[in-house]
Every structure is written in C-alpha cells, then in structure tokens.
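> The structure that follows is given in the form of structure tokens.
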Amino acid sequence: MAIYDTEEEQLEQLKKWWASNNTALIAGVFGAIILVASFNAWQGYKLEQRSQASDLYQNLLDASASGNLESAETLAGKLSSQYDTTVYSHYAALELAKIKVTKGDIDAAKAIFETEIRNADIELQHLSRLRLIQLLLETKQYEQGLKLIAEVDPSKAEGFSANYDELQGDLYLGLERYDEARNAYQSAIRSGQATPLVQFKLDDLTTSALIKP
C-alpha cells in the first residue's frame, strides 16, 4: 500500500507541476517551432536571392560579351542595388569597371576598384587591387602602382604573391629600373606560382641587358 501511496503522491506532484508550468512549456515549444520556421524561411530567401543574382550576373556577362554595354551597365546597377548582400554584386562591380575602361572612363573604373578594395572580401580585395595596378600600369602611372603594392601585407596575400611580384616587375620595367624589375620577376618565379610568361619577361630583360651597348 505504501508503494501505491508513493506513486499516487508522485502523480499528484506531477499534475501540480504541469498545472504550474504547462503554459511556459507550450510557449517554449511554439517559440522553437516559430524559430525553426523563420530560420528555414530566411535560408530559402537567401537561396532564392543568390539564384536570382546568379542569373542576372550571367545576363550581365552575356550583354558585355556581345558589346551591349548600356544593358550591361543597367544590369550591374541592379545587382549592386537589389542584391548587394550577395557576392555577385562584387563580381558585377568588377565587370562594370571593365566596361568603364572599354568606354575610356578610367577615373570611374579606378573608383570602382578602390571601393571594392575597401568593401569586398579578402580574395576580391586582392583581385580588385591587382586589376587597379594593371590599369595604372597601362596608363603609365608606375609610381602609384608601386605604392599600391607596397601597401599589401605579405602575410595576407597568400596565393597572390606571384601576381604582385610580376606586376611589380612590370612597373619597374616601365620606370627603366631594370635590376629591381629582374629581382621582382625572380621572386615571382621562386614562389612556384608564376606563369611561364614571367620567365619569358625575365629572359627578355636579361637578353636586352646583354646586347645593350
């Protein structure tokens, strides 16, 4: 009988506990359900955004490749304003900079690259900086290009060091600072990441030095 009384007491205690806590428990369960549903909805929204941005970016590339630059600029603007939380907005910015160069608007292209260097993720920052340095090289702004390279933290440039070294060599070559250009090309080659073109540049520089009167 004692066991029965104990079980009854336990059951009674359980009923009292449930009466006191059922509202909070139910609210907690519903809260968890709402939280999970909200998270799933947000994930679905983000996935849909990425999908739409990807499609727009492909349209942008197609328009640019076909020479429809006005349409490409419009698409780039749409990606920047409506899908600015996706990586495609940054890709679009780089394509827009390329379009600006094609149209001869060098200052606009430089401004785009500078914005991306400040705001993009680390990989796109390097890509934007490299393209800006290439633009400075093509417009014979050699010292400005060297300054941009000097600002790069080598410890954060893994995977891009050979690109920076090669461009540094090109910039020194433009300034006719041949020894420094040679050192930069050799550094790129030592990294093991240089393209065969770097060796060609180094060989050409060495040959030119040998035949120079």
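> Once phi is turned into θ = phi - 60°, what whole-Hz ³J(HN,Hα) does the Karplus curve with 6.51, -1.76 and 1.60 give for every residue of region 168-173, x standing for Gly and Pro?
Going residue by residue, I get 4, x, 4, 5, 5, 4 Hz, with x marking Gly and Pro.
> While we're looking at this one, here's another question. Ranked highest first by the average count of other Cβ atoms within 10 Å around their residues, in what order do 151-158, 58-65 fall? Kindly include the intermediate steps, with their values, before the conclusion.
Values: 151-158: 10.4, 58-65: 16.1.
Answer by packing, highest mean first, reads 58-65, 151-158.
> Counting Lys and Arg as +1 and Asp and Glu as -1, what is the net charge of the other residues whose Cβ lies under 12 Å from the Cβ of Asp107?
Taking every Cβ under 12 Å from that of Asp107, the sum is +1.
> If you take the beta carbon distance between Thr207 and Lys103 as r and set R0 to 41 Å, what does 1/(1 + (r/R0)^6) give as a FRET efficiency, to the nearest 0.05? List each step's numbers first, then the result.
Numbers: r = 38 Å, r/R0 = 0.92.
Using R0 = 41 Å, I get an efficiency of 0.60.
> Just to be sure I understand the model, the point goes 7 Å from the Cα along the line to the Cβ. What's the resulting Asn183 to Thr115 distance in nm?
3.8 nm
> So, one more: Which order do the peptides 192-204, 68-80 come out in when sorted by mean C-beta neighbours inside 10 angstrom, highest first?
Ranking, from highest mean packing down: 68-80, 192-204.
> What does the C-alpha gyration tensor say about the overall shape of region 123-208? Classify as rounded when a/c is under 1.5, otherwise prolate if a/b is larger than b/c, or oblate. Don't jump to the answer; show the numbers that get you there.
Details: a/c = 1.90, a/b = 1.22, b/c = 1.56.
Oblate, since a/c reaches 1.5 and b/c is not below a/b.
We did not get these values from a lab; they are worked out from the coordinates using the rules stated. For clarity, every value in this text was computed on a predicted model and none was experimentally measured. Every residue, glycine as well, gets a Cβ built from its backbone with ideal geometry; the counts of neighbours run over all protein chains shown.
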